[in-house]
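Notes for the one structure printed next.
The numbers here are math on the coordinates, done by the rules we state, and not lab data. Only a predicted model underlies this, so the values are computations on that prediction, with no experimental measurement involved. Positions of Cβ are generated from backbone atoms using ideal geometry, with glycine treated the same way; all protein chains shown enter the neighbour counts.
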Amino acid sequence: MTAVVLPSADMLVGSLDESDRARLRDLIARCTSLRMANQTIHRLTGIREFLADPLALTSLSQLLAAPIPAPNASIDRQWGDFQTPLPLATQICHYLAELGTVPTVIIEPTCGVGNFIYAALDTFPSARLIYGIEIQDQYQWALKLHLLAGALKGKPITTEIELHQDDIFMHRFPARVLRAENILILGNPPWVTNAELGGLESRNLPVKRNIKGLSGLDALTGKSNFDISEYILLHLLELFSERRGRLALLCKNAVVRNLVKALPQRKFKIGAIRSLEIDARQYFGAAVEASLLVIDLGTDTKESTCRVSTLDRPDQIRRTFGWLGPSFVADVKQYHAVSQFDGKFPWPWRHGVKHDCAAVMELEEQQGCWTNGTGEKVTVEPEWVYWLLKSSDLRTFEVTHARKKIILTQRKLGEDPTSLQMVAPRLWQYLLQHAQELDRRKSSIYRQQPRFALFGIGDYAFKLYKVAIAGLYKEPCFSLVAPIGQRPVMLDDTCYYLGFDDYADALFTASLLNSQSVKDLLQSIVFTDAKRPYTKDVLMRIALDRIAEQTPYAILQQIWSAAEFKPAVSMTESDYLAYQYRMTDRQAGGGGQQMRLTL
Ligand SMILES: C[S@@+](CC[C@H](N)C(=O)[O-])C[C@H]1O[C@@H](n2cnc3c(N)ncnc32)[C@H](O)[C@@H]1O
């Protein structure tokens with residue numbers, strides 16, 4: 001019988017050296033029954049129920065007798081698998097000990113190969129029980145065998161260890177763990193988002209439900225893309241936030257931020273929230289901003305701010321972010337100085353055109369011809385092709401030329417592109433030729449829309465003058481975008497913009513948005529480590545009317561000269577006063593000249 005019930009044999013025994021394997025072989029050979037094997041191993045390591053059944057015992061002795069296979073270093077993306085190096089796990093445990101953490105029960109919710117468990121065993125002699133969960137059984141086995149090999153080399157473990165090969169989303173914690181006091185939840189949950197899992201067609205997701213209560217389009221697009229660890233964190237807090245203890249989990253900064261943002265809607269009894277930044281590139285080779293999130297559990301007061309420092313200098317607080325009354329801010333101290341400018345933007349910010357098919361819909365000039373992403377020459381009706389700007393084009397005060405063009409299939413959301421058959425037959429043919437790529441667009445927002453539909457399109461997209469900002473850059477720069485060849489310029493969906501009929505309105509708006517007051521406000525409310533620091537929500541908070549009131553014309557002139565910019569039409573102070581008047585009149589609901597500012 002080849003009874004390989006233990007998975008991934010190479011991972012399992014390949015990581016042990018020959019002398020460890022020999023010691024393990026002897027031990028297993030001496031055990032004449034499953035019960036005897038489990039009791040012997042428990043005495044040595046504290047691990048409960050090391051082998052689940054007789055088949056596991058037979059399988060293990062066969063594996064230990066087999067030749068050492070080559071190690072399997074492959075990483076399966078769906079598990080968000082970034083194992084914490086032992087030195088980092090140890091540094092974290094030492095920091096927690098210095099904070100006065102004396103845990104009785106330690107829970108590692110996704111323990112992997114167990115480096116946090118090794119570090120905790122060394123740092124917290126007070127622990128009576130270490131309770132670990134891990135979905136990949138080869139990791140569970142690697143951990144168990146290493147602990148056993150260590151014990152056989154003369155490092156017996158007295159702490160009880162309970163390891164479960166299970167899915168944290170399904171795992172049922174026993175009452176003795178759920179009710180324990182002095183708990184420490186310690187670890188590093190998976191680094192993967194639900195969107196990435198969607199792409200991998202993985203089922204490593206919590207039960208399908210709209211976890212954050214998002215509505216409509218938000219639930220279908222960006223806002224509903226969350227890290228799996230965010231859900232694990234919320235799940236653990238739901239289970240354990242009333243117990244006395246501490247939680248210390250490594251996670252992306254976005255996860256920490258989202259947790260703090262969600263606190264007013266939650267009833268967690270937690271406090272002393274700290275985010276200690278780590279160098280994720282150094283430890284995990286990952287280009288993300290990550291931190292150790294530390295939270296005190298079972299506190300009497302509820303807190304909704306978070307202090308930020310680094311793991312190397314935990315006491316040097318760099319800033320505090322979170323809720324200040326009704327406002328969510330990135331830097332509490334800085335915000336106090338500019339809170340008067342936190343309000344409501346007078347007009348809706350729009351995002352650029354979304355098509356999710358750049359290879360077909362975006363064109364570039366090559367040797368005098370406009371070609372698509374595959375190099376194919378495109379000769380569709382020019383009235384459906386517009387100049388296009390991307391985030392990287394918006395780095396100056398004024399933008400007057402573009403590198404790319406975009407094909408539009410609609411002028412309004414919901415308009416049926418089949419009418420192109422008649423009005424633009426060459427474009428219709430082109431779309432049919434590329435229907436496969438367009439029909440394959442994954443985002444579910446296209447499902448309810450006519451074939452070849454776009455988003456971010458409407459009358460506003462065809463305004464001649466625009467003020468635009470790149471959503472993805474850390475430094476804010478609001479660009480005045482003038483028409484090219486009398487035609488409005490489009491923005492892509494990484495940008496936000498305002499559209500104007502009138503040059504002066506666009507110019508003064510761009511100038512005010514580049515003022516120091518706006519920069520200071522944005523610095524205090526924007527999280528520059530986010531993937532998309534400038535969002536519609538953030539931009540809608542700029543109280544432009546109050547900024548205009550406090551910004552004299554001379555400041556605008558200074559902004560222009562710093563940008564080496566000269567208005568295309570000569571401007572005077574009275575033009576600026578008229579603009580201010582139009583803005584306030586419009587906000588007050590006046591009829592006056594509001595039409596010029598209608599967006
Ligand atoms: C970022 S790694 C960290 C492992 C370990 N906590 C450490 O710090 O080294 C995430 C771990 O979560 C495990 N994992 C992923 N999805 C899981 C799930 N649904 N339930 C339990 N464990 C899971 C992965 O297999 C992986 O070992």
Q.
Among ILE157, LEU394, SER570, which residue has its Cα furthest toward the positive end of the charge dipole of the chain, with +1 on Lys/Arg Cβ and -1 on Asp/Glu Cβ?
A. ILE157
Q: Would you please give the residues with an amide H less than 5 Å from that of LEU324, counting only those at least 5 places away or on a separate chain, with H modeled from the backbone geometry?
A: VAL329
Q: Post the alpha-carbon centroid distance, the range 257-280 to the range 506-526, in whole angstrom.
A: 29
Q. Residue by residue, what Karplus-based ³J(HN,Hα) values in Hz, rounded to whole numbers, does the range 178-190 have, using 6.51, -1.76 and 1.60 with θ = phi - 60° and x for Gly and Pro?
A. 4, 9, 5, 10, 6, 8, 10, 8, 9, x, 8, x, x
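Kindly state, to the nearest 0.05, the FRET efficiency for GLN366 paired with ARG451, given R0 = 25 Å and r defined as their beta-carbon distance.
0.30
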Q.
Can you tell me which aspartates and glutamates have their Cα less than 14 Å from the Cα of LYS144? Leave out same-chain residues fewer than eight positions away.
A. ASP20, GLU49, GLU134, GLU160, GLU162
Q | Over 27 Å (Cα to Cα) - which of LYS405/LYS531; LYS404/LYS519; LYS269/LYS519 fall in this group | A | LYS404/LYS519; LYS269/LYS519
Q: Work through the residues other than ALA151 whose Cβ is under 13 Å from its Cβ and net out their charges, Lys, Arg +1 and Asp, Glu -1.
A: +4
Q.
Could you give each residue of the range 304-314 its phi-based ³J(HN,Hα) in whole Hz, using Karplus coefficients 6.51, -1.76, 1.60 with θ = phi - 60°, and x for Gly or Pro?
A. 9, 10, 9, 8, 10, 9, 10, 5, 6, 10, x
Q: Quick one: net charge around ALA435, please, counting Lys, Arg +1 and Asp, Glu -1 for every other residue with C-beta under 13 Å from its C-beta.
A: +1
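Which of the GluC sites (Glu not before Pro) across the range 501-589 are loop residues per DSSP, with 12 or fewer other Cβ within 10 Å? Walk me through the numbers before you get to the answer.
Working: sites: GLU549, GLU564, GLU573; in loops: GLU564.
Answer in residue order: GLU564.
I'd like to compare 48-58, 24-34: which one has the highest average count of other Cβ atoms within 10 Å, and what's the full order after that?
Descending mean neighbour count gives 48-58, 24-34.
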Q. Excluding same-chain residues fewer than 8 positions from LYS267, which lysines have a Cα within less than 17 Å of its Cα?
A. LYS212, LYS302
Q | By average C-beta atoms within 10 angstrom, highest first, the peptides 234-246, 328-340 | A | 234-246, 328-340
Q) Hey, quick one: spin label on ALA562, modelled 7 Å out along Cα-Cβ, who in the range 471-485 has an amide N within reach, i.e. under 11 Å? A) none
Q: In whole angstrom, note down how far apart the Cα centers of the range 534-580 and the range 23-62 are.
A: 76
**Q.** Spatially proximal aspartates and glutamates relative to LYS474 (Cα-Cα < 12 Å; intrachain offsets below 8 disregarded)
**A.** ASP529
Q: Compute the acute angle (0 to 90°) between the alpha-carbon long axis of helix 86-98 and the principal axis of greatest extent of the alpha-carbon atoms of the chain; round to the nearest 10°.
A: 90
Q: May I ask you to sort LYS412, LYS519, LYS466 by Cβ crowding, counting other Cβ atoms within 10 Å and putting the fewest first?
A: LYS412, LYS519, LYS466
Q: First select every other residue whose beta carbon is under 10 angstrom from the beta carbon of ALA290; then total the charges, Lys and Arg +1, Asp and Glu -1.
A: -2
(Q) Could you tell me the center-to-center distance, by alpha carbons, between the range 102-164 and the range 395-459 in angstrom? (A) 55
Q. Once you charge only the Cβ atoms, +1 for Lys and Arg and -1 for Asp and Glu, what is the size of the charge dipole of the chain about its Cα centre, to the nearest 20 debye?
A. 920
Q.
Please compute the length gained on full extension between HIS94 and LYS302, using 0.36 nm multiplied by the number of residues separating them and subtracting their Cα-Cα distance.
A. 72.2 nm
**Q.** FRET efficiency, ALA435 to SER126 (Cβ-Cβ, R0 56 Å, nearest 0.05)
**A.** 0.30
Q) What list do you get for HIS171, HIS355 if you sort them by fewest beta carbons within 10 Å? A) HIS171, HIS355
Q. What ranking, highest mean first, results for peptides 356-365, 286-295 when packing means the other Cβ atoms within 10 Å averaged over each residue?
A. 286-295, 356-365
Q) In nm, to one decimal, how far is the modelled label at ARG411 from the one at SER33, with both set 7 Å along Cα→Cβ? A) 8.6
Q. Amide H of ALA290: which non-local residues (sequence gap of 5 or more, or other chain) have their own amide H closer than 5 Å, using H built in the peptide plane?
A. ASN253, ILE278, ALA280
